[in-house]
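The values are calculated or read from the model by the stated rules, or taken from the named source; none is laboratory data. Everything numeric in this text was worked out from a predicted model, so none of it was measured. Backbone-built Cβ (ideal geometry, glycine too); neighbour counts: all protein chains shown.
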2 protein chains.
Amino acid sequence: MSQAVNRYRADLRELQFLLFEQFGLGDLLGQPPFADWGPDEVKLVLDEVYRYACEVSGPLNAIGDSQGARLVDGQVKAPAGFADAWAKLYEAGWQQLSSEAEFGGQGAPLTLQNLADELISGSNTSFQMYPSLTTGAAELIVSFGTDAQRARFCEKMICGTWAGTMCLTEPHAGSDVGDCTTAATPNGDGTYSIKGAKIFISGGDHDMAENVVHMVLARIDGAPKGTKGLSLFIVPKVRLNEDGSLGEPNDVETAAIEHKMGINGSATCQLNFGDNDGCRGLLCGSEEHQGIRQMFQMMNRARILVGTQGVAAGAGAYLSALEYARERKQGSSVKAGRDPDAPRVPIIEHPDVRRMLLDMKARIEGVRALGVCLTMHMDRARALAGKDDQRAAYHQGQVDFLVPLFKSYATDQGFQVAATAIQTYGGAGFLRDHPAEQYCRDAKIFSIYEGTNHIQALDLVGRKLRLHGGQLVADFLAEVEGLAGAQAEHPRLSAGVAELAAAQAALGKTLQVLGGWGQSREVELPPLMANRVLEMFAETAVARLLLEGAAIAHEEMGSLEAGSAEHTFYEGKVQAALYYALNVLPGVRSKADIIATADRSPLEIPDGAFATV
Amino acid sequence: MSQAVNRYRADLRELQFLLFEQFGLGDLLGQPPFADWGPDEVKLVLDEVYRYACEVSGPLNAIGDSQGARLVDGQVKAPAGFADAWAKLYEAGWQQLSSEAEFGGQGAPLTLQNLADELISGSNTSFQMYPSLTTGAAELIVSFGTDAQRARFCEKMICGTWAGTMCLTEPHAGSDVGDCTTAATPNGDGTYSIKGAKIFISGGDHDMAENVVHMVLARIDGAPKGTKGLSLFIVPKVRLNEDGSLGEPNDVETAAIEHKMGINGSATCQLNFGDNDGCRGLLCGSEEHQGIRQMFQMMNRARILVGTQGVAAGAGAYLSALEYARERKQGSSVKAGRDPDAPRVPIIEHPDVRRMLLDMKARIEGVRALGVCLTMHMDRARALAGKDDQRAAYHQGQVDFLVPLFKSYATDQGFQVAATAIQTYGGAGFLRDHPAEQYCRDAKIFSIYEGTNHIQALDLVGRKLRLHGGQLVADFLAEVEGLAGAQAEHPRLSAGVAELAAAQAALGKTLQVLGGWGQSREVELPPLMANRVLEMFAETAVARLLLEGAAIAHEEMGSLEAGSAEHTFYEGKVQAALYYALNVLPGVRSKADIIATADRSPLEIPDGAFATV
């Protein structure tokens, strides 16, 4: 397997376009809370993170896949080179860009952190799982821990001395978190004895950090059933002494690691807590039964990260297929007819290869734009907090609305784009010599973990559409309508903008259908149709953002020489937006029609009729 | 990994429905050319092949995946147990069901062979590759070889004493078969010296048979460029003595085997012919430059087999997910609201799980019906040959028309259904403990080999639609119209039938658009839209067949007790047809609209605009 073939690639020009030309990150820089950050710093960081991804984490991607994480004598060994990459990541500060300065972070906008995360995840998803879960765990303590807990854990976890995990899932319960049976018994000294089994714990153990701090959902003896009785505990693999130094091992056992379709370099662990009655944990914060509320508050960030993994895998697969399509010569031009003497051409000249490439480009740039839109709402909410609470609330509302869209749609697209990338290569794409097939295998999990994509759809249909009396969706649709109105007569984009307006109308129709079901207390059709409803919103959101970006690009082109690098870049934005609007948005109308038929066949078919086996 | 979890499952009741209730195989049995076959024999064979698949080939599926084929000292070793399964397969006669009695076959309808192939492929795709390529190679000699060649090779290859391969692809040429550079030089003694390299040769070497007979496309010195100058050669791994016994090794070297995303148990070989100038082959038949014509004639059968692999992988993944959904308890019923005391239910009770299950069922039963429809046309064409040549030609025309639809659509659906199966499991589906993820990995290659799915679409749009002055497509549409007319008022299916009529109208519109492009000599838009056109035809074909089957099922239900096993089975047919028509067919109209917009964005985007890297 040649190094060149596996070289990780990213399109930094596109990232800069999103940050500075479309989403106006510059407005937020140079003033609190981002006073230390200017455009040059942001660009420099992206350049350097990209270099790290190409030189450090990227070359370990195929190694991690073939070697996998291994369980040796009860301890997980990360794949070769991962520990070095971990050390370099934290030394450079790329994992803690947006973390609080108080704990060793750099106070950057989350939008920058998220694009850095994309580059690292795109170069090596399995590796990036370890630090990202660690940051997620640390931020729970930052937000909800006591002062003493923050002082003990946060800097060490944010700077990578210690690692962290999130322990929610149990063998019998799966997505039904409220069915959690892990028990916490007060010891009378402020600690709790923890007893139970957790599964699917990413980075549940490894040898890259001195300690692993588990954030464990458990039920204190006598607490209510369901999610409301859950509390969150800090359970370190190695207990801490009074002075905060490492002490005795805690009773946390890695019972097994899973063998999976992908992300093989990421250790997916089965953890047993307290099998020998010696597992002690601390309640996170000082109040019991707050576990689900705490988890929920942090879930947005975790779900954005997974959406970003989808973008990253799709982008990596796309750019590898693009490179292959430019280099691989095969067949003659369709314009040459059947002339056997016609020269062989790079496959990028074949219409169907171009269709696949533009399809991948449009989908990936679209979901990335959705992610940046989302994190910019977070950064703006943060910047406005205490200054203009109404505007801050608006931005926070859009965050809440967009999270399920981004998590679901970006992960579905990441998998689909990776599969298209394989197809673009032809037979070579099925080989492990090229990165597309690993991207595809890795990406399948994104639609499942951190809340399956159906759970996201339920969050949208069952909760977000109704939140604040429907204000979030009204604000969302106003943005769509704003663009559709402003650009209806655009010289190059009008056909795409007309499709956007039609999609908006289709959404309106679907909201009416959902409203009708709400009034008639219909409980089965909303979940049955939820995935489609989510897709409709996500596709409309993506088209809106692509067309908005294309309109900006078109403006810029006016003053540029045709054929110049910048002119060509902007032309790509225009074509991608048109492609997406004309080829994907008609599906939004089609879905609205399907939803309106209220087909109940999946509900009506008898269980025994699914198959005679 | 427990044996129980990996148990292969198939729905034989569904296969019997297709054969005897929907497609009337009974009409053909008991008379030439199937005089030895009656319904009981057919059913018995399916039962026994299923037993073989469950007990012999199925248990080797995960082993083949994890162990893979290995290249040891220049010889390929098949995974453990494969040689035993090979011997039992041929001893039982399941691979040679439809082969000529003259060569040890059983003269069964191809329809039966193809369903047997589905069962074996579904239980272990990698294993089934070896005998199926062997049969394909043997049938080339049966059809085109000289009498002496048929006598020497055919029985041994059809009965599994020797294996066979198809050697088309070359490293630089890929799908562009006409760019073949393997050379054949006449030796003056009737043999040719073969020199060249071939890649992606499935079963290119292994240790399950005494010899491997390669069917090699090569160009005789001085032959024209392009496909017209190609000839087909019989190149055994071990040369034959005058008396037909095995002699000296031929100069055929296995240079490497590929490491792949899936079908790891199938050895995908790079073969070098004549590196030491000692590779001798025989021209297949007695006429030069017939290679591409010979290959084309056999291609239908090979493409049907790949479509069947798609059906098989999808069906296997679906039934494994169904079993899991029936057994796995998680969460409470949506009808119970948020009551934490509500009982846990099997996940099959959740609406979105039911949606995924019915989606998989409808797609898989639909593409299987398309495959049976296709092979029945082949069997009918054969039965009518020489008796009613006009009807025989009609059936052969439908074969030619349906092959690209079945190869492409069944393989795309197989992959998609396997991915849906993973999602149905949730996190467990991503684990190697369950078969869904292997089905998904194995299935990705089906859309690529035996002519990529885009090549199928070009075959449809560039060739089949125009063949015989458009008679094939006219006959196809007449079948759709016939059903749409006959069942328009059906008490339960009318809504689905209305969608079918709308899809038919959309096809008519698209044919007009294509006709317009033909008149204006537009060469780029037809290939750009070809995949969509193929999908529209395939979805319409599948809906027609599902609705036809549902109408038959509905008739049968009238005389049955509600809740009985048979009543329940037939109700499943009705619901699957309704689901497919109401949830998939609206996409046909949407695609027609998209095609009509003639969006040229993939053609117009400059090469440099795909990305700035």
Residue that is surrounded by the fewest Cβ atoms within 10 Å (Cβ to Cβ) [pool: residues in region A:83-94 that are assigned to a helix (DSSP H, G or I) and out of contact with any helix residue (DSSP H, G or I) (no Cβ under 8 Å at 6 or more places or on another chain)]: A:GLU91
Considering every residue within region B:53-66, establish whether at least one is more than 21 Å from B:ALA369 (Cα to Cα), in contact with a Ser or Thr (Cβ under 8 Å, 6 or more places away or on another chain), away from every other protein chain (no Cβ under 14 Å) and part of a loop (DSSP other than H, G, I, E, B). no
From the set of residues in region B:5-52 that are within 14 Å of chain A (Cβ to nearest Cβ) and not in a helix (DSSP H, G or I), which is surrounded by the most Cβ atoms within 10 Å (Cβ to Cβ)? B:ALA10
If B:ALA80 satisfies every condition in (1) touching a residue at least 40 places away in the same chain (Cβ under 8 Å); (2) part of a loop (DSSP other than H, G, I, E, B); (3) not acidic (Asp, Glu) but one, which is the exception? (1)
Which one of A:GLY426, A:GLY397, A:GLY414 is on the phi > 0 side of the Ramachandran plot, modelled with pLDDT of 95 or more and part of a helix (DSSP H, G or I)? A:GLY426
Taking region B:560-576, which residues are more than 9 Å from every other protein chain (Cβ to nearest Cβ) and either touching a Gly at 6+ places or on another chain (Cβ under 6 Å) or at pLDDT below 95 (or both)? none
Quick check on A:ALA87: is it hydrophobic (A, V, I, L, M, F, W, C), within 22 Å of A:GLY160 (Cα to Cα) and touching a His at 6+ places or on another chain (Cβ under 9 Å)? no
Among B:PHE401, B:PHE415, which is the only one that is touching a Phe, Trp or Tyr at 6+ places or on another chain (Cβ under 8 Å), aromatic (Phe, Trp, Tyr) and closer than 22 Å to B:ALA362 by Cβ? B:PHE415
Checked region A:322-355 for anything touching a helix residue (DSSP H, G or I) at 6+ places or on another chain (Cβ under 8 Å), assigned to a helix (DSSP H, G or I), at the interface with chain B (Cβ under 10 Å from one of its Cβ atoms) and within 24 Å of A:GLY58 (Cβ to Cβ); matches are A:LEU322, A:ALA325, A:ARG326, A:ILE348
Here are B:GLU539, B:GLU535: which of them is in contact (Cβ under 8 Å) with a residue 24 or more places away in the chain, over 30 Å from A:SER320 (Cβ atoms) and of a type in the set (Asp, Glu)? B:GLU539
Unique match (being more than 20 Å from A:GLY587 (Cα to Cα), more than 25 Å from the chain's Cα centre (by Cα), at pLDDT 95 or above and at the interface with chain A (Cβ under 9 Å from one of its Cβ atoms)) among B:ASP607, B:ASP593, B:ASP599: B:ASP607
Filter region B:100-129 down to the residues that are assigned to a helix (DSSP H, G or I), closer than 26 Å to B:GLY145 by Cβ and either modelled with pLDDT under 95 or not polar (S, T, N, Q) (or both) and list them by number. B:ALA101, B:GLU102, B:PHE103, B:LEU110, B:LEU112, B:ALA116, B:ASP117, B:MET129
Inside region B:200-245, can you point out the residues that are within 14 Å of another protein chain (Cβ to nearest Cβ), in contact with a Gly (Cβ under 8 Å, 6 or more places away or on another chain) and either under 14 Å from B:CYS269 (Cα atoms) or modelled with pLDDT of 95 or more (or both)? B:PHE200, B:ARG219, B:ALA223, B:LEU230
Consider B:GLY386 against the criteria (1) surrounded by 24 or more Cβ atoms within 10 Å (Cβ to Cβ); (2) part of a loop (DSSP other than H, G, I, E, B): it satisfies all of them except one. Which criterion is unmet? (1)
I need the full set of residues from region B:460-506 which are among the polar types (S, T, N, Q), exposed (fewer than 15 other Cβ atoms within 10 Å of the Cβ) and under 28 Å from the mean Cα position of the chain (by Cα), in order please. B:GLN471
How many residues, within region B:168-177, are surrounded by fewer than 18 Cβ atoms within 10 Å (Cβ to Cβ) and in contact (Cβ under 8 Å) with a residue 24 or more places away in the chain? 1
Would you be able to say whether some residue in region A:373-382 is touching a residue at least 60 places away in the same chain (Cβ under 8 Å), in contact with a helix residue (DSSP H, G or I) (Cβ under 7 Å, 6 or more places away or on another chain), part of a helix (DSSP H, G or I) and surrounded by fewer than 22 Cβ atoms within 10 Å (Cβ to Cβ)? no
Grab the strands (runs of 3 or more DSSP E) fully contained in region B:208-304, keeping just those with 3 or more residues being of a type in the set (Val, Ile, Thr). B:211-220, B:252-257
Filtering region B:467-494 for residues that are closer than 29 Å to B:SER175 by Cβ and either touching a helix residue (DSSP H, G or I) at 6+ places or on another chain (Cβ under 8 Å) or touching a residue at least 12 places away in the same chain (Cβ under 8 Å) (or both) leaves a count of 6
